[in-house]
Every structure is written in structure tokens, then in C-alpha cells.
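The structure appears right after this line, and notes come after that.
The values are calculated or read from the model by the stated rules, or taken from the named source; none is laboratory data. Note that the coordinates shown come from a computational prediction; the quantities given were computed from them, not determined experimentally. Note that we place each Cβ from the backbone using ideal geometry, even for glycine, and neighbour counts take in every protein chain shown. We work out accessible area using only protein heavy atoms, side chains counted, and drop any ligands, DNA or RNA first. Shrake-Rupley method; radii C 1.70, N 1.55, O 1.52, S 1.80 Å.
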Amino acid sequence: MFNASLYTGTREENYTLLIKQLTGLVEDEGCRIANLANASALLQQFLDDINWVGFYLLEGETLILGPFQGKPACTRIAVGKGVCGAAVARKEAVLVEDVHQFPGHIACDSASNSELVIPLYSGGQIIGVLDIDSPSFSRFDETDLKYLTIFNERLGEYL
């Protein structure tokens, strides 16, 4: 059974605990949707100052909305379009301090001002992205990028 923790350590210690919690949630579950749903819920309770967190799953040249926490979202995003599509096309994480300055940004929630998108791999293949939005400008930094990439890598081991 999962128990929510108080994250009272350094940012790095808290992220390390988060990744251990993720492992505990997904290691004995074989259902991809259940694991993605729990991962998005875990991130929602861990991260402060966010208004959306979830996954888009790659089907052909389109990202399809997957499990998430937040307001209703865009259901389909073409590879190469918006921040999520750019992350897939580039095969790398995209950290955007001000989404209004990102060419072709797709505004699913007008309250979003910054965004972090990290490709999700399983079996060596990109299968989607982790997408996190914040109403604050410059919400995400290199520490978030580093540990959320590790989070995604761990999750991908169980998908």
C-alpha cells in the first residue's frame, strides 16, 4: 500500500524518495495504463506549483492523451507540433521557461506559463512523453530535468 510522505529533505533527497516511491508503485504491476496513472498521481502530489501533469502516448506520428492529473487537455498532438511534439521530434527533453515565446506552442490550458516535456522510452523505443505545466514562469530548472528524466527512465523499465 502506498503512503504519502512528507518531503522534508533537500530537493535531491526528495527526488530520490520520489523515484523509490515510483518503483514501489510500478514494480509489481504489469498494466501500462495503471502504471502511468499512478505515476501522474504521484507527480501531482509531489510537485508544487504545477497545473497539469501527465503522459501523451505515441501512436504513429501522433501523441494521444494518456493518464494525467489536471484540467481536460488536448487529445492529439502531431509529432513536431507544440512542446510535446518537439520533444518527440528532437528525441530530447524540452524545458520552456515561457511557453508564450515557444514557436507553435499549443495552449491546452491558458493558465500555463512554463512547461517541461521529457520523452518516455520503453525497450529502447520512444513511446510517449511526460508533460508538466506550471502557471509560473521559469518553474522548472536543471534539477527538475535531471531527476524527472531519471523518474521517466525508471518508469519506462516497467512499461
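Listed by position, the strands (runs of 3 or more DSSP E) contained in region 1-91 that have at least 1 residues being surrounded by fewer than 14 Cβ atoms within 10 Å (Cβ to Cβ) and out of contact with any strand residue (DSSP E or B) (no Cβ under 8 Å at 6 or more places or on another chain) are 52-59. Applying a threshold of 8 Å to beta carbon distances and a minimum spacing of six or more residues, or different chains, the list of pairs starting in region 136-159 at a residue that is among the aliphatic types (A, V, I, L, M) and ending at one that is assigned to a loop (DSSP other than H, G, I, E, B) reads 145/93.
A count restricted to region 118-138 and to residues that are of a type outside the set (Ser, Thr, Tyr) and open to solvent by less than 40 Å² (accessible area, probe 1.4 Å) stands at 11. Residues of region 104-113 include at least one that is at pLDDT below 95, loosely packed, with under 15 Cβ neighbours inside 10 Å and hydroxyl-bearing (Ser, Thr, Tyr).
Conditions tested, residue by residue: (1) touching an Asp or Glu at 6+ places or on another chain (Cβ under 8 Å); (2) hydroxyl-bearing (Ser, Thr, Tyr).
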{"residue": "121", "(1), (2)": "yes, yes"}
{"residue": "124", "(1), (2)": "no, no"}
{"residue": "128", "(1), (2)": "no, no"}
{"residue": "132", "(1), (2)": "yes, no"}
{"residue": "137", "(1), (2)": "yes, no"}
{"residue": "141", "(1), (2)": "no, no"}
{"residue": "145", "(1), (2)": "no, no"}
{"residue": "151", "(1), (2)": "no, no"}
{"residue": "156", "(1), (2)": "no, no"}
